[in-house]
Amino acid sequence: MNKDYGKEHWTHLLQNCCNNGDDIRQYLNLTDDETARINKISEQYPMCINHYYLSLIDPGDPEDPIRKMSIPSGWELSEGGEPDTSGEASNTVIPGMQHKYDQTTLILSTNMCVMYCRHCFRKRLVGLSDDEIAGHLGEMEEYVRNHPEVSNVLITGGDAFLNSNQRIKEYLERFIDIPHLDLIRFGTRTPVVLPQRITTDAEL
Ligand code: SF4
């Protein structure tokens, strides 16, 4: 693929992302078996590879690191291990907000990702939508105001930059004047996977 994706609007790239083996087989020269395997896994664990990110994969290299991060592997159907590796069930203080380490509260602001990483430790958990989480923003603000040990709020997901610009502004406005906060952080893979989210959206 030799197309310049730099100026393509991020929403267009996202809407046209590849969601299964059939969508990517022509770009990566997949066999019938490989295509069927990816189709099967993507029915259980979603995939979303936009054409810009797909164009970074070397189709001749099965060990390509971007390929390994973004394209489903048969290992994903193994049922071993612990589903809640970060202790989400025990650290959740408000729906969508975790307080595990003294100085950090974490907000799972959306259940959407710009690319579904094959190594994701949250893939077997189904989170709440951005609107459902935002319904608790007032409680979250109050919680942080009442916990002076918290020095930073990490707004993550899913991918925090899949929230609307207005919602991102709302998060900033909620927390920006809390005196004991040093940092408001956004957890996002867009600078790597979909930089157009930043470069083609002047409002952001
Ligand atoms: S962006 Fe984060 S939450 Fe989404 S799939 Fe990747 S690691 Fe998981």
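FYI, it's all coordinate maths here, none of it is from the lab. The shown structure was predicted, so the numbers you read here are calculated from the model rather than taken from an experiment. Because the Cβ atoms are built from the backbone with ideal geometry, glycine has one as well, and the counts that use them run over all protein chains shown.
Structure summary
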item	result
Rounded Å value of the spacing that divides the Cα centres of the stretch 159-204 and the stretch 40-65	26 Å
Cross-link pairs K68/K123; K40/K68; K100/K169 - those with Cα-Cα distance over 21 Å	K100/K169
Charge dipole (the stretch 1-94, unit charges on Cβ, about Cα centre) - positive-most of L56, P46, N91	L56
Furthest towards positive pole of dipole, P195, I107, A160, structure part the stretch 88-199, Cβ charges	P195
Cα-based equivalent ellipsoid, the stretch 88-199: semi-axes from gyration tensor eigenvalues, Å	22, 17, 13
Rounded to the nearest 20 debye, dipole of the chain from Cβ charges on Lys, Arg, Asp, Glu	240 debye
Peptides ranked, highest mean first, by Cβ atoms within 10 Å: ranges 190-201, 145-156	190-201, 145-156
Theoretical ellipticity at 222 nm over the chain - DSSP helices of four or more residues, -39500 (n - 2.57) apiece, nearest 500	-9000 deg cm²/dmol
5 Å-binned pair-distance histogram of the stretch 1-157 (Cα, whole percent)	1, 8, 15, 17, 15, 13, 12, 9, 6, 3, 1, 0
Sorted by Cβ neighbour density within 10 Å, fewest at the top, the residues L14, L162	L14, L162
Acute angle (nearest 10 degrees) that the helix 32-44 long axis makes with the longest principal axis of the chain, alpha-carbon atoms	20 degrees
